[in-house]
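Right, one structure below, let's go through it.
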Amino acid sequence: MIRISESITLSDDEIKEDFIRSSGPGGQHVNKTSTGVQLRFDVTNSPSLTAEIRHRLSGIAGSRLTNEGILVITATNKRSQSANRKEALDRLVTLIRAAEKRPKNRRKTRPSFGAKARRMDNKQRRGNLKRSRGRVQGSEE
């Protein structure tokens, strides 16, 4: 059982782990053993997630989500398999927690009268400054 938050817990059978050869630190050991982890989580068919969280998670996941709705997280940065497993699981938990947060609704606002007046005054000053940079008229030799 993986506890994401008070309302979300994932059962162990919802997550599938495959072990792959990884690059990175480890020297020759890396070339001989499968220390990398490829974690797969079926977002579309998960009973632990609500439809709202599923929708947000699929947006956050981006290219890590397959066409079938499976989230694929690959962790190959650490030297040991257990550390890579922990890192992949931590990334999954972070993604689900981010999807759980409801985005704030934008409230439309208008600029105040004073802000409009300051803007127009600034534009007027700037225009006058640029106008004064022109050629000097009237003094021909």
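The values are calculated or read from the model by the stated rules, or taken from the named source; none is laboratory data. Values in this document were obtained by computation on a predicted structure and should not be read as measured data. Because the Cβ atoms are built from the backbone with ideal geometry, glycine has one as well, and the counts that use them run over all protein chains shown.
Structure data summary
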| read-out | value |
| --- | --- |
| Scope region 47-63; condition under 24 Å from GLY36 (Cβ atoms) and either small (Gly, Ala, Ser) or crowded, with 16+ Cβ neighbours inside 10 Å (or both); matching residues | LEU57, ALA61, GLY62, SER63 |
| Unmet criterion (only one of (1) at pLDDT below 85; (2) buried (at least 17 other Cβ atoms within 10 Å of the Cβ)) for SER139 | (2) |
